[in-house]
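To keep things clear, I will list the structure first and then write my remarks on it.
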Amino acid sequence: MSDEEHHFESKADAGASKTYPQQAGTIRKNGYIVIKNRPCKVPSLPSFILKDLFDINQQVVEVSTSKTGKHGHAKCHFVGIDIFTGKKLEDIVPSSHNCDVPHVNRTDYQLIDISEDGFVSLLTDSGDTKDDLRLPTDDNLLKQIKDGFAEGKDLVVSVMSAMGEEQICALKDIGP
């Protein structure tokens, strides 16, 4: 046996994966998919309807499957919008191959404070504070949060997290 000491440097987290594999042909609307290393949503309304109803930040994805060629696989064409940036992304994958699907979580926190530098202070279920989130970039949601906080309302924000990113995505007024 060797008397050498072995040192390993680990750059990974505690072992929890940010994604899980799913066969491309089984991904349906109202689900999620990773396109170009970004988490995207697969909603059920066509993009032209969503664009009329909402701002461009809404998640839009189309899923279509082509038939097999003479010697090939059926292909799935995914068109999605990044759930954090609102950018449109596309990918074509053989339907029998695996795609990455992000673990997406949505958590509600009570809003305690808004700092001058754009960070929010949130109250967790355990009574601790979470101070590492910025105000959202969506102008409508930002205005609702600032106006409600200025009026002294009790506000609860929904935070969406996926693939190591977090962002405030919704607001609820819980008090008088």
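When the strands (runs of 3 or more DSSP E) confined to segment 105-176 are screened for residues that are touching a Cys at 6+ places or on another chain (Cβ under 8 Å), those reaching at least 1 such residues are found at 155-162.
Within segment 96-127, the set of residues being touching a Lys or Arg at 6+ places or on another chain (Cβ under 7 Å), open to solvent by less than 30 Å² (accessible area, probe 1.4 Å) and under 30 Å from Gln22 (Cα atoms) comprises Pro102 only. Only one residue in Lys130, Lys87, Lys153 is over 30 Å from Thr26 (Cα atoms) and open to solvent by 60 Å² or more (accessible area, probe 1.4 Å). Which one? Sole residue among the options that is over 30 Å from Thr26 (Cα atoms) and open to solvent by 60 Å² or more (accessible area, probe 1.4 Å): Lys153. Under the condition of being open to solvent by 20 Å² or more (accessible area, probe 1.4 Å) and modelled with pLDDT of 55 or more, the residues counted in segment 35-73 number 17.
The values are calculated or read from the model by the stated rules, or taken from the named source; none is laboratory data. Predicted model, so just to flag it, every value in this text is computed and none were measured. Please note: Cβ atoms are built from the backbone with ideal geometry, for glycine as well, and neighbour counts cover all protein chains shown. These area figures cover heavy atoms from the full protein model, side chains too; ligands, DNA and RNA do not enter into them. Shrake-Rupley method; radii C 1.70, N 1.55, O 1.52, S 1.80 Å.
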